[in-house]
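> First the structure, then my questions, so here it is.
The values are calculated or read from the model by the stated rules, or taken from the named source; none is laboratory data. All of these numbers come straight from a predicted model, not from anything done at the bench. Methodologically, a virtual Cβ is constructed for each residue, glycine included, from the backbone with ideal geometry; neighbour enumeration extends over all protein chains shown. Keep in mind that these areas ignore ligands, DNA and RNA; they rest on the heavy atoms of the full protein, side chains included. Shrake-Rupley method; radii C 1.70, N 1.55, O 1.52, S 1.80 Å.
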Amino acid sequence: MKHIKTLNATVLKETLKHGGCGECQTSCQSACKTSCTVGNQSCENEKMR
Amino acid sequence: MIHQYKMQDMNIVMDINSGSIHVVDDMSYDLIHDLDVGASMEEAMNKLEAKYDKELLTQVGDEINKLMSEGLLFAKDDYEQVVVDFKNRSTVVKALCLHVAHDCNLACTYCFASEGEYHGDRDLMPFEVAKKAIDFLVAHSGNRRNLEIDFFGGEPLMNFEMVKETVHYARSLEQEKNKHFRFTLTTNGVLLNDDNTAFMNEHMHNVVLSVDGRKEIHDKMRPTPNGKGSYDLIMPKFKAFVEARGQKNYYVRGTFTHDNMDFSEDVLHLADEGFEQISVEPVVAPDEMNYAIKEEDLTYLKDQYEKLALAKMDYKESHKDFNFFHFMIDLSQGPCVAKRLAGCGSGIEYLAVTPTGDLYPCHQFVGIDEFLLGNVDQGITNTLKQDAFRGCNVYAKDACRKCWAKFYCSGGCSANSFNFHGDLLATYEIGCELEKKRVECAIYIKAKEMLVE
Ligand code: SF4
Ligand code: SF4
């Protein structure tokens with residue numbers, strides 16, 4: 001496309017189908033104890049990739 | 001839901017519900033804006049004809065229609081269903097924060113644990129308590145295999161023999177119980193030596209090293225009990241530690257306050273000192289403290305984040321790349337929606353354990369009587385309080401439901417909400433404003449990288 005460049009064509013709701021296995025890290029513990037950012041985490045579940 | 005913003009030379013359009021991110025030209029930016037505020041395609045086009053070439057506008061319209069049909073623009077919100085599930089979510093515990101030492105060898109001004117004491121007495125956790133905590137975790141973790149133990153304080157190295165014993169005990173259960181433990185530890189560095197470094201590098205999945213940045217900043221906020229600064233004491237130790245560890249799975253982690261609002265300088269200082277994994281974040285403190293971040297600081301601080309984003313890209317170009325925790329973002333393989341909506345899990349999946357074995361929703365609630373949930377002998381007894389945490393998720397918070405950053409932020413920190421508004425479902429506005437700016441910067445950096453490739 002000429003005017004719009006899409007960076008990621010993942011559709012978030014697709015992850016609903018497999019999501020929620022809960023094996024990933026708790027968010028507050030990943031780096032700092034007062035932040036709650038999940039955008040930077042990655043998923044532990046191989047099947048979803 | 002659409003969020004669009006301009007940063008430097010770039011127009012970015014985020015389609016929140018699908019999670020897609022688009023970099024667009026001015027024409028598309030304006031057209032999407034008009035559609036978003038309710039215009040029909042025809043109305044929007046007619047309006048923009050005064051400004052843009054009609055033929056090009058038609059092309060843009062076609063591109064937008066295509067993205068909409070693919071579900072990548074103006075996607076619907078299909079997530080309420082997930083939220084219904086949250087209310088019934090099972091009480092599986094997967095992470096514990098062990099307060100192995102309610103004592104500290106520094107006297108940091110902004111410490112929420114008031115020099116490690118947490119509104120209580122100085123105390124070290126005995127192995128008996130840690131062992132019961134591990135047993136409690138294993139017993140309540142259901143089918144979860146990955147379990148986390150965070151050694152926290154005060155200063156956990158003040159009770160390091162006990163930490164070692166606990167690690168060995170947990171490891172001894174892994175095979176039989178089919179569990180995998182990940183240990184993390186946060187330290188101020190004062191007691192780091194070759195012995196404990198070797199142990200940590202073997203067993204700790206992540207280590208957080210507390211340092212605020214430039215010497216004068218660090219020394220002001222992180223003095224030793226006799227009032228001297230601690231920078232010269234800890235910096236050589238941190239460098240040795242990181243070298244032994246091989247620059248992976250650690251963070252140097254600092255706090256900025258109203259007193260060092262030019263915190264991008266502190267981040268760059270840490271990068272210049274050779275650290276590659278850096279996290280520096282705003283202090284959370286009551287308004288009356290003079291070092292608290294105030295609403296009028298926001299414009300300056302947002303500018304600092306943007307400045308830092310540009311500096312980070314420059315550093316990368318000159319091969320001095322570093323990671324800044326809050327700018328890391330995974331656009332393709334990030335967490336699933338359930339994770340993004342669920343928040344930090346405090347009080348449910350994540351609990352803090354005091355030296356005497358009391359259980360609290362997380363380290364920030366430790367010592368506040370009404371949040372005492374139970375103890376390692378009896379487990380959770382205050383289920384009423386726990387239920388208040390079970391309901392915490394993005395869609396339960398009015399402000400978050402309407403917020404474009406919800407899938408990146410996951411609804412903020414319940415402890416902040418409680419501390420500022422006495423309500424677990426409120427939001428801490430200053431934190432939100434900064435969080436949104438960080439997400440914008442993170443996406444900007446990512447977009448730059450991806451478009452160059
Ligand atoms: S930025 Fe604030 S309002 Fe937005 S999701 Fe996070 S906590 Fe909620
Ligand atoms: S309530 Fe706040 S401090 Fe506690 S675990 Fe959640 S994000 Fe972290």
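> I'd like to know which of B:Phe418, B:Gly345, B:Ser18 lies farthest towards the positive end of the charge dipole of chain B, counting +1 on Cβ of Lys and Arg and -1 on Cβ of Asp and Glu.
Positive-end residue among those listed: B:Gly345.
> What are the equivalent ellipsoid semi-axes of chain B, built from the alpha-carbon gyration tensor (square roots of five times its eigenvalues), in whole angstrom, biggest first? All intermediate terms of the calculation are to be shown ahead of the outcome.
On the way: eigenvalues 336, 147, 83 Å².
Listed largest to smallest, the semi-axes of chain B are 41, 27, 20 Å.
> Next question. I'd like the accessible area for B:Arg340: 1.4 Å probe, protein heavy atoms, all chains in place, Å² to the nearest 10.
20
> Please give the helix B:26-36 orientation as an angle from the longest Cα principal axis of chain B, in degrees from 0 to 90, rounded to the nearest 10.
Roughly 80 degrees, rounded to the nearest 10.
> Any idea of B:Arg390's accessible area? Nearest 10 Å², probe 1.4 Å.
The accessible area of B:Arg390 comes to roughly 40 Å².
> What number results when the radius of gyration of the stretch B:225-376, computed over Cα atoms, is divided by 2.2 N^0.38 Å?
In units of the 2.2 N^0.38 Å rule of thumb, it is 1.26.
> Let me ask you something else. Between the helical axis of B:127-139 and the dominant principal axis of chain B, each derived from Cα atoms, what acute angle in degrees is found, rounded to the nearest 10?
Helix B:127-139 and the main axis of chain B meet at about 40 degrees.
> Restricting attention to the stretch B:238-305, which GluC sites (Glu not before Pro) occupy a DSSP loop and are surrounded by at most 10 other Cβ atoms within 10 Å?
B:Glu288
> log10 I(q)/I(0), Debye, Cα-only the stretch B:342-453, no solvent, q = 0.09, 0.13, 0.15 Å⁻¹?
-0.30, -0.56, -0.69
> Determine the calculated [θ] at 222 nm for the protein assembly as shown from helices alone, applying -39500 (n - 2.57) to every DSSP H run no shorter than 4 residues and normalising by the residue count; nearest 500 deg cm²/dmol.
-11500 deg cm²/dmol
> How many angstrom lie between the C-alpha centres of the stretch B:348-382 and the stretch B:200-276?
30
> For the stretch B:373-382, take each phi angle, set θ = phi - 60°, evaluate the Karplus expression 6.51 cos²θ - 1.76 cosθ + 1.60, and give the result in whole Hz per residue in order, putting x for glycine and proline.
With coefficients 6.51, -1.76 and 1.60, one gets 9, x, 8, 5, 7, 9, x, 6, 10, 8 Hz.
> Too long at a 28 Å Cα-Cα cut-off: which of A:Lys17/B:Lys94; B:Lys307/B:Lys406; B:Lys132/B:Lys406; A:Lys5/B:Lys436; B:Lys164/B:Lys220?
Pairs exceeding 28 Å: B:Lys132/B:Lys406; B:Lys164/B:Lys220.
> What whole-number value in Å² describes the accessible area per residue of chain B for a 1.4 Å probe?
Ligands and nucleic acids excluded, the figure is 41 Å² per residue.
> Something else now. Roughly how many percent of the accessible protein surface of the protein assembly as shown is carbon and sulfur, given a 1.4 Å probe and a whole-percent answer?
Heavy-atom surface of the protein assembly as shown belonging to carbon and sulfur, 1.4 Å probe: 48 percent.
> Measure nothing fancy, just the Cα-based angle from helix B:54-69's long axis to the longest principal axis of chain B, in degrees from 0 to 90, nearest 10.
Once rounded, one gets 40 degrees.
> For chain B, with the dipole built from +1 on Lys and Arg beta-carbon atoms and -1 on Asp and Glu ones, taken about the Cα centre, which of B:Tyr169, B:His269, B:Ile293 lies farthest toward the positive end?
B:Tyr169
> With every protein chain left in place, what is the accessible area of B:Ile368 in Å² (1.4 Å probe, nearest 10)?
About 40 Å², rounded to the nearest 10.
> In debye, nearest 20, what is the charge dipole magnitude of the protein assembly as shown about its Cα centre with +1 on Lys and Arg Cβ and -1 on Asp and Glu Cβ, if you could check? Walk me through the intermediate numbers first.
On the way: 55 positive and 78 negative charges, 258 e Å.
Roughly 1240 debye for the protein assembly as shown.
> Based on Cα coordinates alone, diagonalise the gyration tensor for the stretch B:198-257, multiply each eigenvalue by 5, take square roots, and list the semi-axes in whole Å, largest first.
That gives 23, 12, 10 Å for the three semi-axes.
> Okay, moving on. Starting from the amide H of B:Met10, placed 1.01 Å from N in the peptide plane, find each other amide H under 5 Å away whose residue is 5 or more places distant or on another chain.
Residues meeting the amide H criterion: none.
> Shifting gears a bit: Kindly write out, for the stretch B:210-220 in residue order, the coupling ³J(HN,Hα) from the Karplus curve 6.51 cos²θ - 1.76 cosθ + 1.60 (θ = phi - 60°), rounded to whole Hz, with x marking Gly and Pro.
These are the phi-based 3J(HN,Hα) values: 7, 8, 8, x, 4, 3, 5, 5, 4, 5, 5 Hz.
> What does the buried accessible surface come to for A and B, summed over both chains, with the probe at 1.4 Å? Round to 100 Å².
Approximately 5200 Å², summed over both chains.
> DSSP loop (so not H, G, I, E, B), at most 11 other Cβ within 10 Å: list which trypsin sites (Lys or Arg not before Pro) in the stretch B:1-69 pass both filters.
Listed in order of number, the matching sites are B:Lys51.
> Going by Cα centres, the stretch B:1-18 and the stretch B:409-430 are how many Å apart?
Between the Cα centres of the stretch B:1-18 and the stretch B:409-430 lies a distance of 25 Å.
> Can you pull the percent of Cα pairs in the protein assembly as shown with separation above 37 Å?
More than 37 Å apart: 29 percent of the Cα pairs in the protein assembly as shown.
> Taking amide hydrogens as modeled 1.01 Å from N in the peptide plane, which residues meet the under 5 Å criterion relative to B:Val280, leaving out close sequence neighbours?
Residues meeting the criterion, in which the H sits 1.01 Å from N, are B:Gly254, B:Phe325, B:His326.
> Name the long-range amide H neighbours of B:Tyr250: under 5 Å, sequence gap of 5 or more, or other chain; modelled H, no Pro or chain starts.
Residues meeting the criterion, in which the H sits 1.01 Å from N, are B:Val207.
> Also: Per-residue HN-Hα couplings for the stretch B:271-287, Karplus 6.51 cos²θ - 1.76 cosθ + 1.60 at θ = phi - 60°, whole Hz, x for Gly and Pro?
5, 5, 7, x, 8, 10, 10, 10, 9, 10, 9, x, 5, 10, 8, x, 3
> A further question on this structure: Just need the relative contact order of chain B here, percent rounded to a whole number, with Cα pairs under 8 Å and 6+ apart.
In percent, rounded to a whole number, it is 14.
> What do you get for Rg/Rh over the stretch B:252-292 if you use C-alpha atoms and the Kirkwood form of Rh? The partial results should precede the final answer.
On the way: Rg = 11.4 Å, Rh = 10.8 Å.
So for the stretch B:252-292, dividing Rg by the Kirkwood Rh gives 1.05.
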